[in-house]
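**Q** I'd like to ask you about the structure that follows.
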Amino acid sequence: MSNPLVIEAVPGTSYADITREFEAPVAALFRAHADPELFARWIGPGDERTEVTHWDFRTGGGYRFVQRDGDGEYAFRGVFHTIRENELIIQTFEYEGWPDQVSVDIIRFEALDGGRSRLVDHSVFPTVEVLESMQAEGMERGIREGYEKLDRMLAGER
């Protein structure tokens, strides 16, 4: 069974807090966010294939990836503002199909007892409307299914 995904978005605000626990140590969870080959295996809904086209995982670096499914292709890009190994990633996130609507993600990695970990993501969107649109377009599904793939991938490493 998968750990629950919790997304808290207070109506009328432009931010969401996303929390999820994993049955893997922080180092493995962080590596899955840092390594482009691993990242491409789990990011996004279950039916999408991901190709990382640019990856410079360092403070001041950037990224771009393209996801494809039966309906088309969707490209995303951003900048890694701050990276502290096994602790923190601060990055921007932009869907190229909706340019100029950049969110900021502050992603924290927390060690839990028993070799488990927790990911806490504070996502700030430019406006309430952008957040509401992301939610309407399936943000929860994409995150949930991506983390379920991540669970399976991390289980294979143990």
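The values are calculated or read from the model by the stated rules, or taken from the named source; none is laboratory data. What you see is a predicted model, and the numbers here were worked out from it, not measured in a lab. Please note: Cβ atoms are built from the backbone with ideal geometry, for glycine as well, and neighbour counts cover all protein chains shown.
**Q** Looking at (1) of a type in the set (Asp, Glu); (2) under 16 Å from the mean Cα position of the chain (by Cα); (3) farther than 28 Å from Glu132 by Cβ, which one does Glu48 not meet, given that it meets all the others?
**A** Of (1) of a type in the set (Asp, Glu); (2) under 16 Å from the mean Cα position of the chain (by Cα); (3) farther than 28 Å from Glu132 by Cβ, only one is false for Glu48: (3).
**Q** OK, next. Which is within 18 Å of Ser2 (Cβ to Cβ) and surrounded by fewer than 13 Cβ atoms within 10 Å (Cβ to Cβ), of Gly114, Gly97?
**A** The unique qualifying residue is Gly114.
**Q** Where the second residue is at pLDDT below 95 and the first is more than 19 Å from Tyr15 (Cα to Cα) and lies in region 91-120, which pairs have Cβ atoms under 8 Å and are six or more apart or on separate chains?
**A** Glu96/Tyr74; Gly97/Tyr74
**Q** While we're here: Can you name every residue in region 111-158 that is under 17 Å from the mean Cα position of the chain (by Cα) and basic (Lys, Arg)?
**A** Matches in region 111-158: Arg118, Arg141, Arg144, Lys149, Arg152.
**Q** Could we say that Arg77 is closer than 23 Å to Tyr147 by Cβ, crowded, with 17+ Cβ neighbours inside 10 Å and among the basic types (Lys, Arg) here?
**A** Yes.
**Q** Another one. Quick one: in region 1-54, which of the residues that are surrounded by 14 or more Cβ atoms within 10 Å (Cβ to Cβ) and of a type in the set (Asp, Glu) is nearest to Gly146 (Cα to Cα)?
**A** Glu48
**Q** Could I ask something else about it? Within region 95-122, how many residues are more than 20 Å from Ala27 (Cα to Cα) and either touching a helix residue (DSSP H, G or I) at 6+ places or on another chain (Cβ under 8 Å) or part of a loop (DSSP other than H, G, I, E, B) (or both)?
**A** Residues meeting the conditions: 8.
**Q** Right, next: Given the conditions (1) under 23 Å from Asp17 (Cβ atoms); (2) aromatic (Phe, Trp, Tyr); (3) without any contact (Cβ under 8 Å) to a residue 24 or more places away in the chain, and given that Trp55 satisfies all but one, which numbered condition is not satisfied?
**A** Going through the list (1) under 23 Å from Asp17 (Cβ atoms); (2) aromatic (Phe, Trp, Tyr); (3) without any contact (Cβ under 8 Å) to a residue 24 or more places away in the chain, Trp55 breaks only (1).
**Q** Further question on the same structure: Restrict the check to region 19-27 and report whether at least one residue is at pLDDT 95 or above, polar (S, T, N, Q), under 15 Å from the mean Cα position of the chain (by Cα) and under 21 Å from Arg108 (Cβ atoms).
**A** Checking region 19-27: at least one residue is at pLDDT 95 or above, polar (S, T, N, Q), under 15 Å from the mean Cα position of the chain (by Cα) and under 21 Å from Arg108 (Cβ atoms).
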